[in-house]
Amino acid sequence: MQIQLLVNGTDHAIEVHPGELLRTALRRLRYFSVKHGDETGESGADAVLLTRTPDDPHSYRLVNSGVMLAAQADGAAIVTAEGLSSPRDHDLHPLQEQFVTCGAIQCGFCTPAQLLAAKQLLDENPNPTEGEVRTALAGVLCRCTGYLKPVEAVLRAAAQLRGEELPPYAVDIIDAPEGWEWPTGGDGGDGIEPGGTDVQTRTQTVPVKLAPPETAVVNKPEPKVDALKLVKGRAVFADDLEMPGMLHGGLLTSPHAHARIVRIDKSKALALPGVHAVLTHEDVERVLYASGGQSYPNPPPYDQVSLDNKVRHVGDRVAVVAAETPEILQHALELIEVEYEILPAVFDPVDAMQPGAPIIHDEPDAVKIHDAARNMAQYLHVNLGDVDAALAGAAHVYESEYRVHQVQQAAIEPHIVLSWWDEDDRLVIRTSTQVPFHVRRMVAPLLGLPPRKIRVVKPRIGGGFGGKQEMLIEDLCAHLTIATGRPVRFEYTRAQEFTSSRSRHPQVLRYRSGVDANGKLVGMDLTVVADTGAYGTHGLTVQMVTGFRGLSTYWLPNARFNCDVVYTNKPTPGAFRGYGAPQALFGLEQHMEEFAEQLGMDPLDFKRLNWVKVGQDLPLAKAMGEGREGFAQTVRSNGLDECVAAGKQAVGWDRRFDPAWKADPARPHIRRGIGLAICMHGTGIAGLDMGAASIKLNDDGSFNLLVGATDLGTGSDTVLAQIAAETLGVPLEQIIIYSSDTDFTPFDTGAYASSTTYISGGAVLKAAEEVREQIVRHAANHLLTGMDADRLWLEDGAVVAPDGRRVSLETVALHSLHQADQHQIMATASHMSYISPPPFAAQFAAVEVDTQTGQVTCTDLVMAVDCGIAINPVTATGQVEGGMVQALGYALCEEMVYDDAGRLLNPRLGDYRIYAADEVPAIKAILVQTYEPSGPYGAKAVAEIPMDGVAPAVANAIRDATGLRLRQLPFTPERVWSALGN
Amino acid sequence: MAILKEYHKPTSVPEALALLARTDVNLVPLAGGTRLVGALETRTAPGVDGVVDLGGLPLRAIQTAIVDGAPCLSLGALATLTDVCEHEGAAALAGGLLVQAAQGEGPVNLRNQATVGGVVVAAEQDSEVYAALLALGARVVTTSAAGEMVTPLADLGAIDGLVTAVLLPEAVEAGAIARISRTPADRPIVAAVAVRHGTSTRVALCGVAARPVLDGAPLDPPDDYKGSTAYRRSMVAVLRQRALAEVAA
């Protein structure tokens, strides 16, 4: 049937079939800003403005084009993000302008829908309150920002549209006075901001810093280098590409938790017109691998194959299909007949280790499973000193146990891959990945191709959070291209994101520690049982980080870590921002407080006495590498004391001691409390993570910066370009950064382990320094004759001599390329570090506990973080804000829940609740800047640490409010209500 | 992936009823689509051959009507929840109860699509709008081949034909919602919706039966990851008391 759509003022007549969605129809019309976030309308990434009376500008309404049939919209007028302004860079709607200015864009996948939601609001209400802005944005889920900066952007755009003068959007940077007196932000009062939905953005980010470096670009709030294309909704994501003859690929998943495939009949599916391939374990070579995107050689076990004759969890791979349309694909998947021999399944890791439990990996060819007969993927044992003797001799010993659950990364962009044969018969894989170089190396043997025949392209990524640190579906898409010879697009549904992707490892953690008579820790024993689901992937390394974080945040002369990493018939956990640390700290930060209470010490004093200090070693760093031995570490920067002081003031810590605040006479069932957690993370994996960068001078004095590092929305392209610009003495727009493509950019391990700023940034710094050297040498030889090259420097786009002579970079470039001593000024550098300097943070949470219902409402989250020097304070605070909100979901509402047969009960957003714009607490990020001598321009990491401390801070706040000690996540109303003695 | 053979957009109720009565194909009514289209996309609405889009029917008006000789507020079945919130009379009922309840139903993009009729037909156990309609004493107009019928929402069983309107009293003094949810804007685990007019009060409950029910009806609470049967049962008294206290104030 044919329908008419008026989109952004252009009339379209388009042929649709009866079940076609408005979303897919709009994307077929190349309005690629309309995104697929899910199938059931909760993500709102597909939202557009729609009306049937286009002459009335107030009649437009925000609707989700993914839960509307195209036929329903016949005759309607629609506005998409492409319609907000003309395609050119310089033309921006005030909303777009403010989203760029405020750093409201991280991955940018939900940005087009957020802009439209805001536009509808401002069209109706030119002077909205913050609460009204939050309500307007509530139906567009964002997993990156925590919503603070988008809300600020909308409020500023409203003011701009009203014709008001706007103050510049700059994050205040306050220099610390001499003598380590650390200023804190706010109005000079007590630092307590009133709460409530209308004032949340008044709690501005307050960076505090010591010894400011003299920089022009670094440490400045530069707009993100990819912001313009994202705010314009341009076709930049993996799916935003049309290929002639492209087929649609999809996965048939297992309905059973544990079964053998006895028979697969694909004849009916193959007979369906438009079906080009159906592949099962009978069609694809059996090559064992581990899917975690990690350095060579990948940590064991190798317990996966592309398609197997056995399924090990509901959602496991059974068969793949390529067909001409999504509808034929779906129909074909349903026509595949599979006969299963259903096997007993096991869902609890402790049960799984018992004799007689079903053996999940009984295949004889799996490699390096620790003890397959007991379902033990790995067993980790690390020992420092003599814990037993230390605890036997301790003045006091305390032991406690904690349980953490399974949660999902829930990036708004699902996993999506396009693959095709190029004109040189090489396989191109365009994929939403954090690890393009690992993907190429890992997928090659599965496809029977040498890596040189494969090119992996990483376009813009719609969020990853570790979920895309996998070679997850690239093999399946590529198998279909190889089988059909055609381009194939392969995407997960939202349900498959939950059942067939990755998640966070559930664990049971038991801490046992002892102190001397002064309260100094003398030893700690950590025992963990971890659930790695059906496959090993990141099972070894995540759990090793749990051990390292659990046993390194506080300095220990004796420590022991024992961990069983156990298979169960559940969807597989993997990498998820924090990578074992959130689990460890949920236990540790309560264990320390409980121990302090038992000792009669103030918990904060007890922690301060024991946390690692500058100059101290991290002895376990050597024993606990990721999949191999690591390297000893010494702490060289630590702003933890200052973080605690700044955070205490910001959160209003002293309210803990005010009975009038803790109990609300108007609401007698409410109790209030504030909790704290100390966090320490890593910065890249020492001796393992490596990044490389190439920098090339162009005719006009601009530079191409080519990096293998993978910006998945965090802003790392911007940060890396800032490092290059600073070093080369040019403004940011003179750096043209490109990431990442295995054909065109040098290697990088990828975006994980909080490594990009420090490791890849170190490579950019080296390459820029080398290019700078080449520039000044050429200038000294030819253009500033008589001047020693060592005395020249780069500034404001020119080579400058001490005698005041200057020659522009353009002149140097033209001269070196065309006129004399011709050569390309260019350098490639690599960086690897044996140092992994820990960022530190103090995480605070304030809560209200409803003692009659058990409902916990978090009212404030404050994180003061020492990330070294923030290369970009706006993107750094954006990481902190968004991370805290994700982590709050871990504490309160996110949970993968199963029935007795191992079927996930909530495989959709909404049922799996992530925070929306209108319900987040007041959030505040404070950058307490130290100078890390080993980092580029003093930087350490910031990406993961915001994930680590919220859950224990909330737990400690609930304790403060009610006296309850809750040792199991998440704190759902019923769990808290039960703990309250009901 | 929605696989449909047919799409129809009738312009009159009899035409729609005739399409829905066809026995050669299974056609289902489509209102806003927020629930059905998602179900079709995720293949959880099996056996649907096609849809009858009700969007062409003249059922979107919100107006005062005289039914059985008494004036009332008639919400057309295809009025969206946003239409209700933007209608002066509907938005003012019981101190803004429907506006508050609509927020519990979902965010603005959902409210722009979801319809009054859809809420009644879906009868989701955690629908605060449904509970608010119950508490307000809503009556449902259904139209079938046999003609029009008006049934109190509380007595509504299997629907014969189409829901064409929901009738509400013209004026109600006060309303309040007390709820428990995982996050502030999440759908409720349990909620109590209270309405007061003069000295008479009425309470409806979410999350304690297969659909929202009037307080006093037999409870059969779900038992799921959001709350056990026992928890939900225990919360009724707490929330009822809170909602009633608020409407009394």
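Within the same chain, lysines fewer than 8 places from A:Lys613 are excluded, and of the rest, those with a Cα less than 17 Å from its Cα are A:Lys520, A:Lys940.
Remark: for residue pairs A:Lys458/A:Lys570; A:Lys310/A:Lys570; A:Lys607/A:Lys662; A:Lys35/A:Lys268, the C-alpha separation exceeds 21 Å in A:Lys458/A:Lys570; A:Lys607/A:Lys662; A:Lys35/A:Lys268. Per-residue extension of 0.36 nm, minus the Cα-Cα distance of A:Glu339 and A:Ala271, leaves a gain of 22.6 nm for this segment. Modelled label positions at B:Gln63 and A:Glu164, each set 7 Å beyond Cα in the direction of Cβ, lie 4.2 nm from each other.
Put in line by how crowded their Cβ is, counting other Cβ atoms within 10 Å and starting with the fewest, B:Asp49, A:Asp46, A:Asp948 read B:Asp49, A:Asp46, A:Asp948. Peptide A:969-977 is shielded by partner chain Cβ atoms: per residue, an average of 4 of them sit within 10 Å of its Cβ.
Each principal axis of the Cα cloud of chain A was taken in turn, and the coordinate range along them, longest first, works out to 84, 79, 60 Å. Computed from backbone phi, the HN-Hα couplings of the stretch B:46-59 come to x, x, 8, 8, x, 10, 10, 6, 7, x, x, 7, x, 10 Hz, rounded to whole numbers (Karplus: 6.51 cos²θ - 1.76 cosθ + 1.60, θ = phi - 60°; Gly and Pro given as x).
Couplings 3J(HN,Hα) of the stretch A:451-460, computed from phi: x, 5, 8, 10, 10, 10, 10, 9, x, 5 Hz, in residue order, whole Hz [Karplus 6.51 cos²θ - 1.76 cosθ + 1.60, θ = phi - 60°; x for Gly and Pro]. Between A:Val350 and B:Val150, the modelled labels are 6.2 nm apart [label points 7 Å from Cα along Cα→Cβ]. The orientation-averaged projection of the convex hull spanning the C-alpha atoms of the stretch B:174-248 amounts to 4.7 square nanometres. Between the C-alpha center of the stretch B:80-137 and that of the stretch A:746-791 there is a gap of 61 Å. For A:Gln304, the amide hydrogen comes within under 5 Å of the amide hydrogens of A:Tyr289, counting only partners 5 or more places away or on other chains and with H modelled in the peptide plane. Taking amide H atoms as placed 1.01 Å from N in the peptide plane, the amide H of A:Tyr340 lies under 5 Å from those of A:Val262, each 5 or more residues away in sequence or on another chain. In whole percents, the pair-distance distribution calculated for the stretch A:649-807 from its alpha-carbon pairs, binned every 10 Å from zero, is 10, 28, 20, 14, 11, 9, 5, 2, 0. For the stretch A:906-968, applying the loop criterion from DSSP together with a ceiling of 16 other beta carbons within 10 Å to the chymotrypsin sites (Phe, Trp or Tyr not before Pro) yields no site. All Cα-Cα separations within the stretch A:1-94 were binned at 10 Å from zero, giving a P(r) of 17, 50, 29, 4, 0, each value a whole percent of the pairs. Using amide H atoms built 1.01 Å from N in the peptide plane, name the residues 5+ places from B:Leu4, or on other chains, whose amide H lies under 5 Å from its own. The list, which skips near neighbours in sequence, is A:Gly19.
The share of C-alpha pairs in the stretch A:855-982 whose separation exceeds 21 Å stands at 50 percent. Across peptide A:35-45, the average count of Cβ atoms from other chains found within 10 Å of a residue's Cβ is 4.
Applied to the stretch A:956-970, the Karplus parametrisation 6.51 cos²θ - 1.76 cosθ + 1.60 on θ = phi - 60° returns per-residue 3J(HN,Hα) values of 5, 5, 5, 4, 5, 6, 10, x, 7, 10, 9, 10, 9, 8, x Hz, with x for Gly and Pro. Ranked by how many other Cβ atoms sit within 10 Å of their own Cβ, fewest first, the residues B:Cys206, A:Cys107 fall in the order A:Cys107, B:Cys206. Specify whether the C-alpha gyration tensor of the stretch A:471-581 places it in the rounded, prolate or oblate class, a ≥ b ≥ c being the square roots of the eigenvalues: rounded for a/c under 1.5, otherwise prolate if a/b is larger than b/c and oblate if not. Since a/c reaches 1.5 and a/b is larger than b/c, the shape of the stretch A:471-581 is classed as prolate.
Counts of other chain beta carbons within 10 angstrom of each beta carbon in peptide B:51-60 average 2. Given +1 at the Cβ of Lys and Arg, -1 at the Cβ of Asp and Glu and no other charges, the dipole of chain B around its Cα centre is 580 debye to the nearest 20. Estimated at 0.36 nm per residue, the fully extended path between A:Thr828 and A:Gln616 surpasses their Cα-Cα distance by 72.8 nm.
Counting beta carbons within 10 Å around each of A:His36, A:His669 and listing the fewest first gives the order A:His669, A:His36.
Taking 7 Å steps out from each Cα toward its Cβ at A:Asn562 and A:Asp371 produces label points 1.1 nm apart.
Inter-part distance, the stretch B:177-211 to the stretch A:85-148, computed on C-alpha centroids, equals 33 Å. Need one word for the stretch A:334-479: rounded, prolate or oblate. Basis is the Cα gyration tensor (sqrt eigenvalues a ≥ b ≥ c); a/c below 1.5 gives rounded, then a/b vs b/c decides. Here the stretch A:334-479 falls in the prolate category. P(r) tail, chain B: Cα-Cα pairs separated by more than 30 Å, 26% of all pairs.
Along its principal axes, the stretch A:433-518 has C-alpha extents of 72, 31, 24 angstrom, given from the largest down.
Using the per-residue mean of other Cβ atoms lying within 10 Å as a proxy for protection, in what order, highest first, do the peptides A:370-380, A:353-363, A:228-238, A:145-155 fall?
Those peptides, ordered most packed to least, come out A:145-155, A:228-238, A:370-380, A:353-363.
Reducing the stretch A:253-331 and the stretch A:604-645 to their Cα centroids gives an inter-centroid distance of 44 Å. For the stretch B:174-248, the Cβ-based charge dipole about the Cα centre amounts to some 120 debye (Lys, Arg positive; Asp, Glu negative; other atoms uncharged).
We did not get these values from a lab; they are worked out from the coordinates using the rules stated. Remember, predicted model here, so these are calculated numbers, not experimental data. Every residue, glycine as well, gets a Cβ built from its backbone with ideal geometry; the counts of neighbours run over all protein chains shown.
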